[in-house]
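Nothing in this text is a laboratory measurement; each read-out follows from the coordinates by a stated rule. Treat the numbers as computed from the prediction; the structure is a model and nothing was measured. Virtual Cβ from ideal backbone geometry, glycine too; neighbours counted across all protein chains shown.
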Amino acid sequence: MKIVVGSILLVAMSVLAQQAQNPSPMVEHTRAHPRLEKQTPTGRREKLDLGTLFIPQKVKLKSHPTLLFFFHGGDWLPELAAARQTNMAVVTVQAGAGSGTYAKLFSEPDRFLKLVAEAESKGGVKFGSIALGGWSAGCGAIREILKSPASYDRINSILCVDGIHTGYVNGKPGPKESAIDTENLENWTKLGRDAIAGKKRMVVTHSEIFPGTFASTTETADYLTEKWGLKPRSTAKWGPMKTQILSEVHQGKLLVVGFAGNSAPDHVDELHSLPEYLKWLMTGHGA
């Protein structure tokens with residue numbers, strides 16, 4: 001599915017299936033927003049019960065490659081990003097708008113591990129490490145998968161691209177410091193602690209986009225870093241795809257990176273930075 005830049009993306013950014021954000025009319029022309037060229041990497045593709053498995057041609061099947069599940073990124077872009085890694089296959093899943101839509105895919109706790117088994121069977125390969133990645137609403141699938149202890153134990157690394165959201169306690173922001181609903185953040189809190197301890201890998205990115213009707217990725221990142229007992233380090237430097245990095249948190253195998261930008265193109269910049277983010281995830285090296 002094509003990633004369409006424009007007003008449609010403002011809807012795609014909504015992470016609560018029953019509640020849309022307040023679309024921002026802001027457009028800025030200060031910074032360039034380059035895009036990866038659409039490509040179809042060579043390799044094998046197998047349809048699964050949910051999504052499509054892509055095994056790049058260069059993957060060594062006998063070496064227990066990494067399997068990445070990526071939610072809400074279309075197909076070609078996650079495939080391209082996986083093909084640029086050392087030894088990685090990917091299952092792409094596109095389910096529509098809203099994190100609730102993605103969460104429902106894994107309402108049955110054992111569905112994820114069944115999907116892993118199906119990928120191994122149809123791919124003819126025994127995968128080693130398992131990584132989960134999501135952009136925007138796709139992080140809702142990750143949050144749901146992590147609720148299963150068996151799935152949690154099988155997963156080695158997590159990449160959340162501008163997509164960790166939650167609601168407001170009173171249904172709206174403010175005044176001043178907004179009271180956010182922390183129930184949906186419990187799994188992320190646990191995962192971050194395990195990453196700090198070196199048990200998992202976790203990379204989180206967030207922008208300055210303010211949805212209005214639910215908590216922004218910056219608000220959730222601020223909450224999580226405080227719960228982890230960490231403090232973001234202010235910085236100003238270039239990131240992937242001509243993005244601008246404003247803050248970093250790096251502790252153990254946890255990396256949280258804050259980016260400038262509060263418009264739809266800024267949100268899409270992060271998706272097109274996926275190849276670089278995967279390098280951060282797999283190598284442990286930050287921005």
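Values computed for the structure shown
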{"item": "Gaussian network model of the chain, springs between alpha carbon atoms under 10 Å - residue of Ala83, Ala197, Ala141 with greatest fluctuation", "result": "Ala197"}
{"item": "Residue among His29, His272, His250 with the largest mean-square fluctuation in a Gaussian network model of the chain, springs linking Cα atoms under 10 Å", "result": "His29"}
{"item": "Pair Asn87, Ala117: separation of 7 Å Cα→Cβ label points (nm)", "result": "2.6"}
{"item": "Value of relative contact order over the chain, rounded to a whole percent, pairs C-alpha under 8 Å and six or more apart", "result": "19"}
{"item": "Sites Lys38 and Glu108 - FRET efficiency at Förster radius 35 Å, r taken between beta-carbons, to 0.05", "result": "0.55"}
{"item": "Residue of Gly100, Gly73, Gly43 that the Gaussian network model of the chain assigns the largest fluctuation, springs spanning Cα pairs under 10 Å", "result": "Gly43"}
{"item": "Cα-based Lys proximity count in segment 147-287, under 12 Å, for pairs eight or more positions apart or on separate chains", "result": "6"}
{"item": "In nm, spacing of pseudo-spin labels at Thr213 and Glu226 (7 Å Cα→C-beta vector)", "result": "2.6"}
